[in-house]
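To start, the structure itself, in structure tokens.
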Amino acid sequence: MDQRLSEPDHNTGSNPATLYGEFTVTGNRKVRYAVSLTERDLIVQRLSSTPARRTRSVLGLRDCVGCRAYRGNGASDPAAYLTAYFYPLKRRWMRSGVTRQRVEQRFRLCALQDPCANLEVAEMWARAVRARAARQHLRDGVSKRALSRSFRMMLLVNPQSGKAQALTLYNKHIQPVLDEAGIPHTLIITERQNHARELVREADLSQWDAVVIMSGDGLLFEVINGLLERPDWEEAIRTPLGILPGGSGNALAASIHHYSGGSPVASEDLLLSCGFLLCKGLVSHMDLVSVHFPSSPRLFSFLSLAWGFIADVDIESEKYRHVGAARFTLGTLVRLVSLRIYKGKLSYLPATEDSISSEASSTGPASMQRQPSSDSQCENTFRNSCHSNNAARVRRTESRTSRSTNKSLNSPPGSVLLPLDQPLPSNWVIVQEEDFVLMLAMYQSHLAEDLIAAPGATLNDGVIHLFYVRAGISRAALLNLFLAMEKGAHLATDCQYLVHAKVQALRLEPHSPKGVITVDGEVVDYGPVQAEMHRGLARIIAGGGESDLL
């Protein structure tokens, strides 16, 4: 094997090779390959006496999740092996658009008699590939905070979400890519509703660098509210969160993929994209919205607040959960047949550049004081089905009695809302109509895998995108709105019944005696409700589209 450092430019243009070697591949030891490592690419070229048979492939390190060096299986094999794992965007056969597809490059090194020397060379290459791949998020002079390549992950899986195939999808797609990336993780299977909420509320979070959920959006809703119910919520909510689609809605996962610049994908293609972004470990701020009720404690939302048609479809389509994401299409058609009118009063505080800047400084992460966590000696063991068979142990931070007593003191302060029984200030807009078909407040781009409800939204824009549809719209026009929403084109339809406003806060007072209100797809108490934005309060592992420095 010929292997050199600081090799001159091997036909790589302005991207010179810094490492060069000649190897064989595991499948054919008679054919040699020249391999060049540059700052951006791994370039592999077959060496042949016939120029026509020389093939060259360029693999972008931006698409690399990991690289490892290892010895052969037999003691008689002195060779070392080098394997790099890539997930580049490629066009699928007979499909439009591109998706991430796995590419594995494996090389055999046997130039030296000493097996340890061969392994040392292979390890040098593996370190160099990993280091350059990790540097790919440094681009255009903008840096995003990246988790270390060996960050410790708590991975929560809801086995009942979607088509009840989350564990199968984990074993097929997620466990392999995490192993390739060298990311240690503890798999915890949730057993009931609010299990995840209780777990993160009581856990010693110092054991993990990230908390990731594989489910629909409901499990992340539990995790966020559990973190904000802790006495050390200011520190806890800084824990980087990750999302892997395993449910039927998967709205945040679709939004994360959308922000990364990828073309629309769904199902297992979306899962593979989110798994790749998770392995890259790039962390961004994410907006949260606090939702207030007359008597029950407030909740924190990362996705949406809905009333009327959309909330009804979301809940009534639960009976079609076995068909996956198609449940929403079925639910929409059923509800269109018997279209309802909802009476109520809607008011909102318009968002301005000044209000967004003020929100970021008053409730954003930079203004928060860090508080040390208070851990007791009591431990609790939760079910763990991780392949390592190591039990996940979490430490209780306080008794349930003291937690419920102090819960109101433990979460971010509000800034613009008055109590629900008090009149609104003069700078609020009161919608004159009282008959609605739907009201939807969005703070991410997607409402479902195939519904781009707020195409202009980003993770950390500090804006609630408020939509409402006035009564009087025909069934055909409403259906056309939802069909246009599949491409994020509903605002361009110029529908006279659809209104969109960017707001900082809102208040809804339903007058209809019966109805459904949902927060992140979860049913909440029906009645007056109001909400306000907390810009950049949470952290999310995302792959692109954001330029904030963490």
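The values are calculated or read from the model by the stated rules, or taken from the named source; none is laboratory data. None of the values given here were measured: they were computed from a predicted structure. Glycine also receives a Cβ, built like all others from the backbone with ideal geometry; neighbour counts cover every protein chain displayed. Note: areas computed on protein heavy atoms with side chains; ligands, DNA, RNA excluded. Shrake-Rupley method; radii C 1.70, N 1.55, O 1.52, S 1.80 Å.
Annotation note: Cβ proximity below 8 Å between a residue of the stretch 519-535 that is without any contact (Cβ under 8 Å) to a residue 60 or more places away in the chain and a residue that is part of a strand (DSSP E or B) (sequence gap 6+ or interchain) occurs for Y526/P510; Y526/I517.
Criterion first (of a type in the set (G, A, S) and either open to solvent by less than 30 Å² (accessible area, probe 1.4 Å) or at pLDDT 90 or above (or both)) does A126 satisfy it? Judged against the criteria, A126 is a match.
Within the stretch 318-331, the residues that satisfy the criterion of being within 24 Å of the chain's Cα centre (by Cα) and at pLDDT 65 or above are E318, F328, T329.
The set of residues in the stretch 503-545 being farther than 19 Å from L227 by Cα and in contact with a His (Cβ under 6 Å, 6 or more places away or on another chain) consists of Q530 alone. Within the stretch 470-495, the residues that satisfy the criterion of being open to solvent by less than 70 Å² (accessible area, probe 1.4 Å) and in a loop (DSSP other than H, G, I, E, B) are A471, G472, I473, S474, G488, A489, C495. Reported count of residues in the stretch 24-60, each being β-branched (V, I, T) and modelled with pLDDT under 90, is 6. Comparison of V25, V31 shows that the only residue that is open to solvent by less than 40 Å² (accessible area, probe 1.4 Å) and touching a residue at least 40 places away in the same chain (Cβ under 8 Å) is V25. Reported count of residues in the stretch 235-258, each being outside any loop (DSSP other than H, G, I, E, B) and open to solvent by 20 Å² or more (accessible area, probe 1.4 Å), is 2.
In the stretch 435-469, how many are closer than 17 Å to T352 by Cα and part of a loop (DSSP other than H, G, I, E, B)? Summing the residues that are closer than 17 Å to T352 by Cα and part of a loop (DSSP other than H, G, I, E, B) in the stretch 435-469 gives 8. Which condition number in (1) open to solvent by 30 Å² or more (accessible area, probe 1.4 Å); (2) at pLDDT below 90; (3) not in a helix (DSSP H, G or I) is the one that V394 fails? Among (1) open to solvent by 30 Å² or more (accessible area, probe 1.4 Å); (2) at pLDDT below 90; (3) not in a helix (DSSP H, G or I), V394 violates only (1).
A quick yes/no check of all residues on (1) modelled with pLDDT of 95 or more; (2) open to solvent by less than 50 Å² (accessible area, probe 1.4 Å); (3) not in a helix (DSSP H, G or I):
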residue: R62; (1), (2), (3): no, no, no
residue: N73; (1), (2), (3): no, no, yes
residue: Y85; (1), (2), (3): yes, yes, yes
residue: R106; (1), (2), (3): no, no, yes
residue: L119; (1), (2), (3): no, yes, no
residue: A133; (1), (2), (3): no, yes, no
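Among the numbered criteria (1) among the aliphatic types (A, V, I, L, M); (2) surrounded by fewer than 20 Cβ atoms within 10 Å (Cβ to Cβ); (3) under 17 Å from I237 (Cα atoms), which one does A266 miss? Condition not satisfied by A266: (3). The residue list V212, V223, V157 contains one member that is farther than 21 Å from D269 by Cα and in contact with a helix residue (DSSP H, G or I) (Cβ under 9 Å, 6 or more places away or on another chain), which is V223.
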